[in-house]
1. Here are some values of Rg and Dmax of the Cα atoms in Å: (i) 19.6, 64; (ii) 20.1, 71; (iii) 24.8, 81. Which one was computed from this structure?
2. Which of Ala96, Leu194, Val45 sits farthest toward the positive end of the charge dipole of the chain, with +1 on the Cβ of Lys and Arg and -1 on the Cβ of Asp and Glu?
3. Too long at a 28 Å Cα-Cα cut-off: which of Lys52/Lys180; Lys52/Lys236; Lys117/Lys281; Lys52/Lys256?
4. Can you figure out the FRET efficiency of Ser287 with Arg127, using R₀ = 51 Å and their beta-carbon distance, to the nearest 0.05?
5. Which of rounded, prolate, oblate describes region 115-164, given a ≥ b ≥ c as roots of the alpha-carbon gyration tensor eigenvalues and a/c under 1.5 marking rounded, otherwise prolate only if a/b is larger than b/c?
6. What number, in percent, do you get for the relative contact order of region 168-288 if the mean sequence gap of Cα pairs under 8 Å and at least 6 apart is divided by its residue count?
7. When Lys and Arg each count +1 and Asp and Glu each count -1, what net charge do the other residues less than 15 Å away from Arg127, Cβ to Cβ, add up to?
8. Given contacts defined as C-alpha pairs under 8 Å and at least six residues apart, what's the relative contact order of the chain, whole-number percent?
Amino acid sequence: GCRAVVTFPLDLTKTRLQIQGEVALRQHGSQTAYRGMLGTALGIVREEGPLKLWQGATPAVYRHIVYSGVRMVAYEQLRDVLGRSEDDRFPLWKAAIGGMLAGAVGQFMASPTDLVKVQMQMEGRRRLEGKPPRVHGVYHAFLKIVSEGGIRALWAGWVPNVQRAALVNLGDLTTYDTVKHFLLRNSSLQDTSLCHGLASTCSGLVAATMGTPADVIKTRIMNQPRGPNGRGILYKSSIDCLIQSVKGEGFISLYKGFLPTWMRMAPWSMTFWLSFEQIRKTMGISSF
């Protein structure tokens, strides 16, 4: 929870960058000035106030609790079900399947909190553009979404969201598990914080690289304006959003917000894995 709050300004900056220059939005008469990561963050502070860097932090904490809890339990259960080989190795292909399934399940459960977070993160931008506020807080956001589109509307954008989580976990869980046990088998490193730190550094970079394109699509679908029937106005599906983004802005548009994503994910991954391993050790549970 604390990690999510401390690194939240990077998450907010990432979301704003992912919406920036959106072709589909421009076609509906909305223009957003181009800025880099630092310019975006400073612009938020200058135009909206420093506290706005944490707008949407509450649903982000809710999302973190649900997502992290479910994915870790699911991965260990899947690892037990899939089984290790005779020499106690967990093959890469099994780790990949386990990581993707665990991430997908965790993110599906947490998707409504992500939807509210994205909409709250864009409120400051909407006010600067002279648009009326869309949501006034977490509770109001949930009520508004349900009243306009029913319970199903809380899972708007869940497909690219789950795809993103599956890819991030393929990068994070699978890379950490594989690199850690590779180092233990093929180097003089012991099962200590140094080994955990090296494995988590690799996992953070791979997770950011694999997950950013799906994250851009997810953000755009969740933030798009919706008609009276609750359906999105700009995009018919995640595939349509992908095609429009690449056709209108080039392949590089899928990596908008990569730098703040990686800057947030790298320390988050290291802190999480070091803490997780230490907690397991303290509780007398075997190393991950």
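1. The value computed from this structure is option (i).
2. Final value for the positive-end residue is Val45.
3. Exceeds cut-off: Lys52/Lys180; Lys52/Lys236; Lys117/Lys281.
4. 0.55
5. Cα axes put region 115-164 in the oblate bin.
6. Relative contact order of region 168-288: 30 percent.
7. In short, +3.
8. The normalised contact order for the chain reaches 23 percent.
The values are calculated or read from the model by the stated rules, or taken from the named source; none is laboratory data. These numbers come from a predicted model, not from an experiment. Reconstructed Cβ throughout: ideal geometry from the backbone, glycine too, with neighbour counts over all protein chains shown. Heads up: the accessible areas ignore ligands, DNA and RNA and are worked out on the full protein's heavy atoms, side chains in. Shrake-Rupley method; radii C 1.70, N 1.55, O 1.52, S 1.80 Å.
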